[in-house]
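Data block below; observations after.
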Amino acid sequence: MTSRQHESTRQRNPSSPQRNRIDRLRIRHLRLLEQIAQCGSLSGAAQQLAVSQPGATKMLQEIEVALGSSLIERTSRGARLSAVGSAALSRLRIALGALDATVDALSAQAEIPLVRLGMIPVLAVGALPALAGLLSGSGRLPRLEIHEATVEGLIGSLREGRLDCVISSLEPKLKGMADLHITPLWEAMLVIAAAPDHPLARKRKVPTHLLAQFPWALPPEGASGRTHIERWFIEAGLNPPQPFVEAHSFHTRLALVSSTAMLTVAPQAAVRHYAGQGMVRELSLERPMPKGSIFFVTRKEGVQLPEIALIKGALQKVASVDSPDDLKRSRQLRR
C-alpha cells in the first residue's frame, strides 16, 4: 500500500482519533460557528447560545481540534470566521438544516413527511395547485412548507439546507451546480400584458416599435424579467423602455396594468390567470419573446428520499400536460 493510500484509509477509519473527536462534538458546537458569523464576536455568540464566554472559548477550541484547523480570525471588533471556518460553516448549515427539518417533521403528524419546497412565485397560480391536486388525489400529499423567493435566493437556501427541493428557472450567472441534482420539467414563456381596453389589446400582431410608445411597469433592474425584456428590445434594434413604475411582484404590476395604459412583462401563466378574470389581455406580438425552462432541483444526497422522489415524479407527470401552468388543463391530472 502506498503512503497516500494508507493516509486515505486512516482518514476514513471510523475509529481514527480525529473521527473520535468529531463524534464527541455536540449540536451546540456546530451552532457556535453560525453565531460567530452572525454576531462578529465570540462574546456575542456566547450570549446567543446562553453560555459563558469561557464556555464558548472552550467549545471553539474543541471544534478546532476536532476539525484540525483554525476557524476564526481575531479582529479589532471581535472575531470573524477564517476561510476554513467559512467553508466548514457552509457544510455544517446543510447538516443543521436537515436536523431542524427532522425535528419539525417529527414534532407533529410524524407519519406524514414534511417537505420544505421552494419555488418562484409564478408557480403558485398553476403548477403548485396541479401538483397538490395530483398528490392529494392519490392520497400521498406530504405536508408542504412553501417558500417563495428569487432564483438565486432559492438555490442559496437549498445549498444551506433550509430547503429540501426547488421548482424554478435557473439563471446563467449561477455557477458550480455539481452539488445539485437537476431535472428539466417544462418550458415557460414571458409575455406582454395590457388592460383589455388598451389600444394594442385587439391588434392581430403588435410590432415591437409600438410598445415603446406606452408607459411600462417593470421588475427592478437586475431581475430576470427586466433583463429578458431589455435584451428583447435591444435585439430588435430599439432602446429598452424606461419604467414608469418598478415593482418586483407580477401581481402588483398586472393589477396596475389592468386599470391604466401601462404595459408590463410577466410569466404567461400569470397573465392567463388574470386574463381569465377579465383583468388583462396578453398581447399578440410580431416577435414572440423567447421561452425559458423550469427545473426541479435538489441536493444530490437528497434525491433518494422517498418524499423528494414522490414530488419529482408528480412534477414530471404535471409536465406531461400540454400547459402545466394552465390550471384548467392541469385538472385533468386529478381525473
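Yes or no, residue by residue, for (1) closer than 30 Å to LEU285 by Cβ; (2) not hydrophobic (A, V, I, L, M, F, W, C):
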| position | (1), (2) |
| --- | --- |
| ILE146 | no, no |
| GLU160 | no, yes |
| ASP164 | no, yes |
| HIS181 | no, yes |
| ILE192 | yes, no |
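Quick check on ARG140: is it within 13 Å of the chain's Cα centre (by Cα), charged (D, E, K, R) and more than 22 Å from ALA269 (Cα to Cα)?
No; evaluated as a whole, the condition is false for this residue.
Within region 144-152, is there a residue that is assigned to a helix (DSSP H, G or I) and hydrophobic (A, V, I, L, M, F, W, C)?
Yes: region 144-152 contains one or more residues that are assigned to a helix (DSSP H, G or I) and hydrophobic (A, V, I, L, M, F, W, C).
Which one of these is surrounded by fewer than 15 Cβ atoms within 10 Å (Cβ to Cβ) and acidic (Asp, Glu): GLU145, GLU221?
GLU221
Checking the conditions here, which among VAL271, VAL297, VAL265, VAL303 is at pLDDT below 90 and aliphatic (A, V, I, L, M)?
One residue alone meets the criteria, VAL303.
Within region 50-63, track down each residue that is at negative phi and surrounded by fewer than 17 Cβ atoms within 10 Å (Cβ to Cβ).
Once the filter is applied, which keeps residues that are at negative phi and surrounded by fewer than 17 Cβ atoms within 10 Å (Cβ to Cβ), region 50-63 yields VAL51, SER52, GLN53, PRO54, GLY55, THR57, LYS58, GLN61, GLU62.
Take residues that are within 26 Å of GLY118 (Cα to Cα) and tell me which of the helices (runs of 4 or more DSSP H) falling wholly in region 200-302 contain 2 or more.
Passing ranges, in order: 224-235, 250-258, 268-275.
May I ask you to verify whether GLN61 is part of a helix (DSSP H, G or I), modelled with pLDDT of 80 or more and within 32 Å of the chain's Cα centre (by Cα)?
no
So which residues in region 114-137 are small (Gly, Ala, Ser) and within 23 Å of PRO267 (Cβ to Cβ), if there are any at all?
Answer for region 114-137, where residues must be small (Gly, Ala, Ser) and within 23 Å of PRO267 (Cβ to Cβ): GLY118, ALA124, GLY126, ALA127, ALA130, ALA132, GLY133.
Residues that are over 25 Å from LEU117 (Cα atoms) and among the aliphatic types (A, V, I, L, M): does region 157-176 have at least one?
no
The values are calculated or read from the model by the stated rules, or taken from the named source; none is laboratory data. Being a predicted model, the structure only gives us computed values, none of them experimental. Don't worry about glycine lacking a Cβ; one is built from the backbone with ideal geometry, like all the others, and counts go over all protein chains shown.
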